[in-house]
1. Looking at the range 320-366, which of the residues that are outside any loop (DSSP other than H, G, I, E, B) and among the small types (Gly, Ala, Ser) is farthest from the chain's Cα centre (by Cα)?
2. Quick one: would you say Arg315 is touching a residue at least 40 places away in the same chain (Cβ under 8 Å), in contact with a Lys or Arg (Cβ under 6 Å, 6 or more places away or on another chain) and either in a loop (DSSP other than H, G, I, E, B) or aliphatic (A, V, I, L, M) (or both)?
3. Would a scan of the range 218-239 turn up a residue that is farther than 22 Å from Thr450 by Cβ, hydroxyl-bearing (Ser, Thr, Tyr) and part of a helix (DSSP H, G or I)?
4. Please enumerate the residues belonging to the range 269-288 that are out of contact with any strand residue (DSSP E or B) (no Cβ under 7 Å at 6 or more places or on another chain) and among the hydroxyl-bearing types (Ser, Thr, Tyr).
5. Name the residue that is farthest from Glu502 (Cα to Cα), counting only residues in the range 148-157 that are out of contact with any Leu (no Cβ under 9 Å at 6 or more places or on another chain) and exposed (fewer than 10 other Cβ atoms within 10 Å of the Cβ).
6. Which numbered condition in (1) out of contact with any Gly (no Cβ under 8 Å at 6 or more places or on another chain); (2) touching a residue at least 12 places away in the same chain (Cβ under 8 Å); (3) under 14 Å from Leu479 (Cβ atoms) is the only one that Met206 fails?
7. Is there a residue in the range 261-282 that is within 14 Å of Ser240 (Cα to Cα), at pLDDT 90 or above, in the same structural domain as Glu451 (by TED's automatic domain parsing) and of a type in the set (D, E, K, R)?
8. Can you tell which of Asn447, Asn403 is free of Cβ contacts under 8 Å to residues at least 12 places away in the same chain and not acidic (Asp, Glu)?
Amino acid sequence: MKAPSHLDFTPEQVEQLVSRLENKCLEQEDYPLLIDLIMAIVWLNMSLKEKDLSIQRLRSIFGIKTETAKKLLKLADKKSNPDSPDKEKGGKKKGSGHRAASEYSEAKIIKIAHQVLSREDLCPACLKGKLFNLSPGSVLRIIGTPWLQVEIYKPERLRCSLCGKVFTANLPEEVMKGSRGDQTAKAIVSLMKYRGGVPFYRQEQMQTILGAPISASEIWKMTEDVSEDLLPIYAVMCASAAKGKLIQNDDTRAMVLSIMEEREKKKGTAEEEKRKGTFTTGILSTLRDSDVQVALFFTGRQHAGENLADLLERREEKLGPPIQQCDGGNNSPKGHETQLSNCLAHARRKFCELIEAWPQISVQVIGWFSEIFANEKSSPVDPEKRLLWHQEKSQTVMETMKNYCNDLIGKKEVEPNSSMGKAIAYMNNHWEGLTLFLKVPGVPLTNNATERLLKRSVLNRKNAYFYRTESGARIGDILMSTIETCVLNEVNPWKYLIAIQEHQAKVQKDPELWVPWKYEKELEKLHPT
């Protein structure tokens, strides 16, 4: 709706108009004034809705989540019926949080024999039958230790009373040749920092209060040692990811102090950089002929599209373009062809943000999205069968949703430059990418997997705020990439980091055999059961 023209009247004129309305004696010149006032009120109401929308977006950014269908419907209902009472919260009763003993795959098993009886003994109750073994019960007990413990070796020294020669006891070989931090120490501090999000200074504080003070700089050096051991494996992971059948990418902001200082020095000169941002890119690649997933992080000046372009430089032409899943940002790799698929969750979110300003339309569109996601939940696992399933179940829904939205614009029920018009425009502009799952097998509906991946980087940013140098960012990328690839492929990252350090010579010789999804086979060859 267009803004009204300038309204030129005095308060006295309005009072006189109201008086004539009350007495039901309008004059001819009153009608244009009434039209202008009504148009102004309607326009102001629409403008206030847009202002409410902006506030709603800010609320969502600062932690008020309203994207679930249940909450959105409640908001829409409250908007349409402001006097309706709130329903009492219900829901299922929360469980105890206890897990089955079988889930503790790394737990130490302690077998307790019966103190008096044994197998084949005569039953003390009936004195007739013989006892036989049942499966043992399970009682869990949780113990705790500081993640870094210090051992102090004090070798005995003897001195000859006559010649004065000193004889010192030999230290264990691993103490003589190894660094102060052993393999287990290096593995745990790497996991605590780059998976748990515990900054080095907090690890130092914790160690100090537990009576084993270890400086943040020494802990940092431990992670640096692990990253150097992982460097050849990281290179293999990048090469493997470039060959993937499905590559998902996105980025989040990052802070690297050395880059900021460098830009500050160049400010106002001919060398001043146009780009001001620093990013961490998350790339998730699903390999061909397997369900193996490779997670990669890249932190620096480049955004997600540029990092993906660098990765695809390693891709062989005979493999053809991969499926690329992303949102509508700067994620497309220039100079490289991909089968671009856009995220339905991002398109849906555009309408979720409008639930208060446009409740009826938003609920209608969100309902169609919910139907598509429900189809995905019940779809077959096989990619080809899944494609046929969505073509049968979801294609009509997508077309109905598009036609409905475009009819709103065509019938002028929604202005193209309004917030709802922009949400519809986003959907139309990305329609090919949003519907690729109806044409190509194996295309996911959303980029949520990459969003979850980037949460590891966000966690580090919230706790540590920044990287000091680009070298430090590189070390973080290597360790997070390796740890997350282990997690995605159900490999214990603690055991993996220790194994890589123990077998470093073999890793350097043939790193392809020691990537997270293959290393257990190599260990089996070295230590057959």
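1. Filtering the range 320-366 down to residues outside any loop (DSSP other than H, G, I, E, B) leaves 323-326, 339-342, 344-352, 359-366.
Add one more test, that the residue is among the small types (Gly, Ala, Ser), and what stays is 341, 345, 347, 362.
Numbers: Ser341: 18, Ala345: 14, Ala347: 18, Ser362: 26 Å.
Filtering the range 320-366 for residues that are outside any loop (DSSP other than H, G, I, E, B) and among the small types (Gly, Ala, Ser), the one farthest from the chain's Cα centre (by Cα) comes out as Ser362.
2. Numbers: touching a residue at least 40 places away in the same chain (Cβ under 8 Å): yes; in contact with a Lys or Arg (Cβ under 6 Å, 6 or more places away or on another chain): no; either in a loop (DSSP other than H, G, I, E, B) or aliphatic (A, V, I, L, M) (or both): yes.
It is false that Arg315 is touching a residue at least 40 places away in the same chain (Cβ under 8 Å), in contact with a Lys or Arg (Cβ under 6 Å, 6 or more places away or on another chain) and either in a loop (DSSP other than H, G, I, E, B) or aliphatic (A, V, I, L, M) (or both).
3. Yes, the range 218-239 has at least one match.
4. Thr269
5. Once the filter is applied, the top-ranked residue is Arg157.
6. It fails just one condition, (3).
7. Step one: list which residues in the range 261-282 are within 14 Å of Ser240 (Cα to Cα), which gives none.
Checked against the condition, which is being within 14 Å of Ser240 (Cα to Cα), at pLDDT 90 or above, in the same structural domain as Glu451 (by TED's automatic domain parsing) and of a type in the set (D, E, K, R), the range 261-282 yields no hits at all.
8. Details: Asn447 fails: free of Cβ contacts under 8 Å to residues at least 12 places away in the same chain.
It is Asn403.
The values are calculated or read from the model by the stated rules, or taken from the named source; none is laboratory data. Computed from a prediction, not measured in an experiment: that's the story for all the values here. A quick note on method: Cβ atoms are made from the backbone with ideal geometry, for glycine too, and the neighbour counts reach across all protein chains shown.
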